[in-house]
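Peer 1: Before we start, here is the structure in question, set down as structure tokens.
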Amino acid sequence: MTAIQPFKPFRTQHAFTTEEDISSPSFWAQTFDERDETFARLRGDAPVSWHPPFVDPLVPPEVHGEVGFWAVTRAADIKHVSMNNEQFSSQTLVEAATKPGSNEPSLTYYHPVPLKPQHPDLDQPPTFLEMDPPQHTQYRQAISRAFTPRYIRLMEEKIHKRAAEIVGRVAGAGDFDFVAEVSGRLPMLTIADMLGVPDSLSEDFARAANNFIGASDPDILPPGADPLAFTFEQITIVREIGIDLVHSRRKHPAEDVLSSLATYTVDGQPLSDDEISAMLLLLAVAGNDTTKQTTSHTALALDRNPEQRAWLAADFDARIGRSLDEFLRYASPVLEFGRMATEDVVLGGQQVSRGDKVVMFYCSGNRDESLFADPGRFDLQREQHPNVAFGGGGVHYCLGSNLAKMQLRAIFAELLTKLPGLGIGDPEYLASEFIHGIRKLPASA
């Protein structure tokens with residue numbers, strides 16, 4: 001029997017369907033609103049369009065071998081891709097060999113599907129976020145089973161307590177960086193509380209996780225430090241804290257996510273230290289940026305739109321529920337996510353080939369004129385339609401979405417009552433094709 005040659009995805013070339021550039025660093029160096037002018041033209045003229053690969057000088061085409069990607073820009077198409085994980089996989093599929101005794105391929109999964117091409121030497125087994133069912137279902141259950149009604153109530157109490165402490169620290173403090181002192185603190189402390197990290201270690205855990213996420217940021221990376229070595233140092237801190245606590249939980253279970261991970265089994269075997277470590281890092285990353293960036297963008301939007309702030313503050317409890325959706329839609333903290341077509345399929349009138357990269361631009365779906373009138377306006381009273389800030393639904397819908405909304409509700413309840421005179425300066429944005437981020441946000445209280 002002749003072994004099947006490895007299947008190399010992202011190698012099928014298609015005719016370009018638009019001249020719009022969304023692949024260059026110069027495009028992503030523009031502001032969100034400037035980029036959306038391009039996305040608006042794509043939504044109108046070429047909602048599913050073929051583009052050359054993302055340009056990364058560190059990983060040129062002769063290294064990554066990719067020929068391009070499909071850009072999905074309308075909310076309806078984004079939801080279709082999200083809901084159909086069997087056609088659009090979160091993992092790159094590789095046909096490594098034939099199954100013993102048959103002509104069927106044995107399928108091996110290597111890496112996720114980011115917009116930015118990966119260096120082939122960095123291929124690794126997928127994390128929980130990039131798994132598809134049935135593996136995704138198993139590992140998702142390891143976390144989701146901890147979210148009992150009682151546990152959710154306990155977390156809500158802790159989140160409100162943390163939010164009050166955070167805002168209390170900056171009340172009357174004068175000038176400060178809103179990202180460092182407010183929006184960046186609550187998500188990481190919430191993750192530590194969710195996992196069950198004790199107060200004596202929560203600050204160390206949160207600091208290491210934040211440092212891991214921002215290891216390339218000159219304000220975080222120590223002078224003269226090697227970014228790679230610094231990154232591994234932060235990973236080690238998170239891993240050691242988490243693994244030590246998991247080993248303790250196996251002897252003395254508690255009501256937290258670490259206990260759930262400690263006692264969970266897959267095919268009768270407990271999770272390995274490496275599997276638990278990977279899940280801890282994933283929670284630290286995925287649970288941080290969505291809430292952190294939405295908090296920062298919303299504080300800025302409320303400052304720039306005082307009539308919206310006044311409307312919300314006038315009846316916060318009754319109005320915050322619908323306002324949260326607008327917070328998330330307007331902020332669009334995660335800009336894009338990729339999938340790989342597992343079969344030939346028509347999408348948005350375009351013929352997509354098996355192995356093609358398909359990139360869902362959440363930032364564009366959240367500005368879709370067919371759903372949102374005047375989509376660039378921050379409007380807490382707008383007609384409500386589902387947004388794609390947490391993805392377009394399906395098996396990969398964000399597990400922590402309700403926890404993120406709890407945090408946003410708690411932090412803005414504190415800000416609007418304790419800091420009615422909060423002033424926000426001009427933001428310093430993060431240059432990224434993945435996160436709609438604010439690095440620094442001057443504030444005064």
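The values are calculated or read from the model by the stated rules, or taken from the named source; none is laboratory data. The shown structure was predicted, so the numbers you read here are calculated from the model rather than taken from an experiment. Using ideal geometry, Cβ is built from the backbone for each residue, glycine included, and neighbour counts are taken over all protein chains shown.
Peer 1: From the list I243, I220, pick out the single residue that is closer than 29 Å to M406 by Cα and either at pLDDT 90 or above or over 22 Å from the mean Cα position of the chain (by Cα) (or both).
Peer 2: None of the other options fit; the residue is I243.
Peer 1: For E86, which of the numbered conditions (1) surrounded by 21 or more Cβ atoms within 10 Å (Cβ to Cβ); (2) out of contact with any Phe, Trp or Tyr (no Cβ under 7 Å at 6 or more places or on another chain) fails to hold?
Peer 2: (1)
Peer 1: Also, quick follow-up: Yes or no: L312 more than 30 Å from T417 (Cα to Cα) and in contact (Cβ under 8 Å) with a residue 24 or more places away in the chain?
Peer 2: When the stated conditions are applied, L312 does not pass them.
Peer 1: Mind listing just one residue for me: the one in region 223-258 that is in contact with a helix residue (DSSP H, G or I) (Cβ under 7 Å, 6 or more places away or on another chain) and assigned to a loop (DSSP other than H, G, I, E, B) and, of those, surrounded by the most Cβ atoms within 10 Å (Cβ to Cβ)?
Peer 2: It comes out as D256.
Peer 1: Answer yes or no: is there a residue in region 288-297 that is acidic (D, E) and in a loop (DSSP other than H, G, I, E, B).
Peer 2: Checked against the condition, which is being acidic (D, E) and in a loop (DSSP other than H, G, I, E, B), region 288-297 yields no hits at all.
Peer 1: Shifting gears a bit: Restricting to region 394-445, name every residue that is among the aromatic types (F, W, Y) and part of a loop (DSSP other than H, G, I, E, B).
Peer 2: Once the filter is applied, which keeps residues that are among the aromatic types (F, W, Y) and part of a loop (DSSP other than H, G, I, E, B), region 394-445 yields Y397, F434.
Peer 1: Something else now. Tell me, please, whether a residue that is under 24 Å from D317 (Cα atoms) and touching a Lys or Arg at 6+ places or on another chain (Cβ under 7 Å) can be found in region 389-401.
Peer 2: yes
Peer 1: Every residue in region 341-383 that is surrounded by 21 or more Cβ atoms within 10 Å (Cβ to Cβ), in contact with a Pro (Cβ under 8 Å, 6 or more places away or on another chain) and farther than 30 Å from A299 by Cα, please.
Peer 2: Those that are surrounded by 21 or more Cβ atoms within 10 Å (Cβ to Cβ), in contact with a Pro (Cβ under 8 Å, 6 or more places away or on another chain) and farther than 30 Å from A299 by Cα: D356, K357.
Peer 1: Look at G355 and say whether it is out of contact with any Leu (no Cβ under 6 Å at 6 or more places or on another chain), at pLDDT below 95 and not in a strand (DSSP E or B).
Peer 2: yes
So that you can scan it fast, the table gives a plain yes or no per residue for (1) touching a residue at least 40 places away in the same chain (Cβ under 8 Å); (2) among the small types (G, A, S):
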site	(1), (2)
F232	no, no
V238	yes, no
G242	yes, yes
T263	no, no
S272	no, yes
M279	yes, no
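Peer 1: Another question, if that's okay. Checking P6 against (1) touching a strand residue (DSSP E or B) at 6+ places or on another chain (Cβ under 8 Å); (2) surrounded by fewer than 14 Cβ atoms within 10 Å (Cβ to Cβ); (3) modelled with pLDDT of 95 or more: exactly one of these is not met. Which one?
Peer 2: Unmet condition: (3).
Peer 1: Let me ask something else about it. Considering region 17-33 alone, what residues qualify as being farther than 14 Å from F69 by Cβ and of a type in the set (V, I, T)?
Peer 2: T31 - this is the single residue of region 17-33 that is farther than 14 Å from F69 by Cβ and of a type in the set (V, I, T).
Peer 1: Another question about this same structure. Taking the condition under 20 Å from I191 (Cβ atoms), modelled with pLDDT of 90 or more, in contact with a strand residue (DSSP E or B) (Cβ under 9 Å, 6 or more places away or on another chain) and not charged (D, E, K, R), does A299 pass?
Peer 2: So A299 does not fit the description; no.
Peer 1: Out of (1) in a helix (DSSP H, G or I); (2) farther than 27 Å from A46 by Cα, the odd one out for L380 is which?
Peer 2: Exception for L380: condition (1).
Peer 1: Now for a separate question. Based on this model, can you work out whether D267 counts as farther than 24 Å from T190 by Cα and either without any contact (Cβ under 8 Å) to a residue 60 or more places away in the chain or under 22 Å from the mean Cα position of the chain (by Cα) (or both)?
Peer 2: yes
Peer 1: Still on this model: Out of region 312-346, which residues are out of contact with any helix residue (DSSP H, G or I) (no Cβ under 7 Å at 6 or more places or on another chain), of a type outside the set (D, E), part of a helix (DSSP H, G or I) and more than 15 Å from G376 (Cα to Cα)?
Peer 2: Passing the criteria: A314, A318, G321, R322.
Peer 1: Being crowded, with 22+ Cβ neighbours inside 10 Å, over 24 Å from the mean Cα position of the chain (by Cα) and under 17 Å from D77 (Cβ atoms), is that true of even one residue in region 324-332?
Peer 2: no
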